[in-house]
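The values are calculated or read from the model by the stated rules, or taken from the named source; none is laboratory data. Values in this document were obtained by computation on a predicted structure and should not be read as measured data. Please note: Cβ atoms are built from the backbone with ideal geometry, for glycine as well, and neighbour counts cover all protein chains shown.
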Amino acid sequence: MDYTQLIASLLPLLLQYGPELVKSVSALIHQNPQTAGETDEAYIARLNVMITANLNDAAKNDAAVETAPDPTPAA
Amino acid sequence: MKHTIRLAFAGVLLFFAFAMSGCMHHVSSNPAVVYSETLESASAAVDTVSIGLKAANDTVTTLTQGGTLEPEYYAKTHEYLVAVAKANDKAIAAIRAAQMGDTSVDWKSAVLAIADAGASVDPSTFGIKSDTAKKSLLIGLATLKTALTAIPASFGK
């Protein structure tokens, strides 16, 4: 199998994770700034919602890795 | 190939976003706001690491199922990914505790420990014989590596 074929076989994974990563990058760059007129309390509440969502997503992905079944073909 | 470039570009952007996030100018001087913003950055960091971990695990799974990667190298790589995932879990727990008001928890050290776990082993030296598998593995690990490298840049050491 040559390099081009391997990239092609990995494309589904790249397509799957590309959008997620771009979303994470955008979130980091924008830093979810406090909007004009938004009170500190409302902003903190909004940040807490995002923190919880990020942590829940991270925990789910970590668990998927830790419990992934062995893909080794049976002998 | 276009999508590979897009993913690589996202990885580079990610690195700079992380590096910038640690020194972004905060408009609010309210310590509570600054603290919440910092925790949000930390939560985004562990989430991105987890996405990199899952992408890497899916890559090695695909390579192993296709016969490109030998089973012993899947075992070594998976062991490495699980070690990083467990460090990520500890950081998740620490950030949650800090979010709930625990001021004694050292969430920053827990986040930095993820980068340490990632650096403890270099997967590219596992001794994979197939050059093709090695290249594919490096691509699969690229996002994770970028996320891990950006952590010390963002949260200091």
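The criterion of being at the interface with another protein chain (Cβ under 7 Å from one of its Cβ atoms) and modelled with pLDDT under 95 holds for B:Asn57. Condition (residue is at pLDDT 95 or above, in contact with a Gly (Cβ under 8 Å, 6 or more places away or on another chain) and surrounded by 23 or more Cβ atoms within 10 Å (Cβ to Cβ)) applied to the range B:74-85: is it met by at least one residue? Yes, the range B:74-85 has at least one match. For the range A:25-45, state whether one or more residues are at positive phi and at pLDDT 80 or above. Yes.
State yes or no: is B:Val46 among the hydrophobic types (A, V, I, L, M, F, W, C), surrounded by fewer than 22 Cβ atoms within 10 Å (Cβ to Cβ), within 8 Å of chain A (Cβ to nearest Cβ) and in a helix (DSSP H, G or I)? Spell out how you get there, then give the answer.
Numbers: among the hydrophobic types (A, V, I, L, M, F, W, C): yes; surrounded by fewer than 22 Cβ atoms within 10 Å (Cβ to Cβ): no; within 8 Å of chain A (Cβ to nearest Cβ): yes; in a helix (DSSP H, G or I): yes.
No; evaluated as a whole, the condition is false for this residue.
The single condition among (1) within 30 Å of A:Pro73 (Cβ to Cβ); (2) not in a helix (DSSP H, G or I) that B:Tyr73 does not meet is (2). Put simply, of B:Ser154, B:Ser109 the only residue that is within 13 Å of chain A (Cβ to nearest Cβ) and out of contact with any Asp or Glu (no Cβ under 8 Å at 6 or more places or on another chain) is B:Ser154.
Checked against (1) crowded, with 24+ Cβ neighbours inside 10 Å; (2) more than 9 Å from chain A (Cβ to nearest Cβ); (3) within 15 Å of the chain's Cα centre (by Cα); (4) of a type outside the set (D, E, K, R), B:Ala91 meets all criteria but (2).
Annotation note: of B:Gly101, B:Gly67, B:Gly127, the sole residue that is more than 14 Å from the chain's Cα centre (by Cα), within 19 Å of A:Thr72 (Cβ to Cβ) and free of Cβ contacts under 8 Å to residues at least 12 places away in the same chain is B:Gly67. Specify which of the listed residues (B:Asp102, B:Asp58, B:Asp116, B:Asp89) is part of a loop (DSSP other than H, G, I, E, B) and of a type in the set (Asp, Glu). Exactly one residue qualifies, and that residue is B:Asp102. The conditions are (1) within 9 Å of chain A (Cβ to nearest Cβ); (2) assigned to a helix (DSSP H, G or I), and B:Thr68 fails exactly one of them. Which is it? Here B:Thr68 clears every test but (2). Within the range B:126-147, not a single residue is under 25 Å from B:Leu39 (Cβ atoms) and modelled with pLDDT of 90 or more. Comparison of B:Glu79, B:Glu72 shows that the only residue that is over 23 Å from A:Leu55 (Cα atoms) and among the acidic types (Asp, Glu) is B:Glu72.
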